[in-house]
Amino acid sequence: MQNQILLYNGPNSPFGRKTKITSLVQEITLEEKIIKVQEADFLDKYNPLRKIPTLLINGLTIIDSDNICFYLDSISKKKTLFPQNKYFEVISMTSIANGIMESVLERRMEKIRPTNEKSENFIKKQEIRIARTIKWLENNWNNYDESYLTMDQIAVACALDYTMFRFNDEWRANHPKLNKWFSVFEKKDFMKSTIPLDK
Ligand SMILES: N[C@@H](CCC(=O)N[C@@H](CS)C(=O)NCC(=O)O)C(=O)O
């Protein structure tokens with residue numbers, strides 16, 4: 001009997017999107033529950049960090065999007081998203097994409113704080129990190145293979161799309177190589193079916 005896999009996800013989490021896309025491309029059937037994480041007290045008993053994505057498989061809980069993607073990849077019959085010959089390049093580039101997502105999220109959370117609580121310095125620091133990392137990608141994102149989908153491609157695309165969703169799309173005009181790559185990648189079915197919902 002196949003294990004029941006349950007993914008707790010949010011309507012627009014870039015980390016959650018990585019895991020959903022991994023399930024789609026690796027053809028892993030799972031049940032996805034979109035929750036409001038801030039109100040999800042029930043999640044604490046599985047994940048005391050109360051973060052999404054969180055994956056439950058019978059008695060097992062998997063925490064953190066990277067671990068969830070590893071798990072889904074490991075039980076798939078499809079070609080791995082983490083090929084051995086590029087393993088460390090793929091996981092490091094994925095971490096860079098995760099860092100953009102974190103900064104965009106942190107910036108957004110700070111932006112929506114009450115005026116007397118927010119730090120413009122903190123917001124600026126995140127914006128500088130986002131801009132520096134996207135510029136770095138423009139110069140260094142050139143080792144992908146268009147004929148072989150790897151985890152870093154999914155993560156970079158989710159990070160760039162989340163930047164546009166929560167910050168701005170200025171990177172597209174200023175980074176022609178990245179924009180050219182993304183313009184093709186964003187048309188893939190798994191990208192179109194997982195666009196962040198404005199909630
Ligand atoms: N490193 C984690 C980050 C997950 C994360 O930050 N999720 C956000 C939503 S995008 C969250 O659950 N935030 C809830 C909160 O901080 O209260 C991962 O990759 O899964």
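Restricting attention to segment 14-29, the residues being without any contact (Cβ under 8 Å) to a residue 60 or more places away in the chain and within 16 Å of the ligand (Cβ to nearest atom) number 3.
Checking the conditions here, which among Ala157, Ala173 is under 14 Å from the mean Cα position of the chain (by Cα) and closer than 20 Å to Ile130 by Cβ?
On the way: Ala173 fails: under 14 Å from the mean Cα position of the chain (by Cα).
Matching residue, one of Ala157, Ala173: Ala157.
Once segment 100-120 is narrowed to residues that are touching a residue at least 60 places away in the same chain (Cβ under 8 Å) and within 10 Å of the ligand (Cβ to nearest atom), the residue that is nearest to Asp64 (Cα to Cα) is Met101. With the condition kept exactly as written, say whether any residue in segment 106-116 is crowded, with 16+ Cβ neighbours inside 10 Å, of a type in the set (Val, Ile, Thr), within 30 Å of Gln38 (Cβ to Cβ) and in contact with a Lys or Arg (Cβ under 9 Å, 6 or more places away or on another chain). Looking through segment 106-116, none of the residues is crowded, with 16+ Cβ neighbours inside 10 Å, of a type in the set (Val, Ile, Thr), within 30 Å of Gln38 (Cβ to Cβ) and in contact with a Lys or Arg (Cβ under 9 Å, 6 or more places away or on another chain). Please enumerate the residues belonging to segment 139-171 that are crowded, with 17+ Cβ neighbours inside 10 Å and more than 12 Å from Val104 (Cβ to Cβ). Result: Trp141, Tyr144, Leu149, Thr150, Met151, Asp152, Gln153, Ile154, Ala155, Val156, Ala157.
Looking across segment 55-90, the residues that are of a type in the set (Val, Ile, Thr) and within 13 Å of the ligand (Cβ to nearest atom) come down to Thr61, Ile62, Ile63, Ile68.
Within segment 178-199, residues that are over 17 Å from Gly16 (Cα atoms) have Cβ atoms under 7 Å from residues that are part of a helix (DSSP H, G or I) and of a type in the set (S, T, N, Q) in these pairs: Phe185/Gln153, counting only partners at least 6 apart in sequence or on another chain.
Since every read-out is calculated from the coordinates, none of them should be taken as a lab result. Computed from a predicted structure; not experimentally measured. Heads up, the Cβs are rebuilt from the backbone with ideal geometry, glycines too, and the neighbour counts pull from every protein chain shown.
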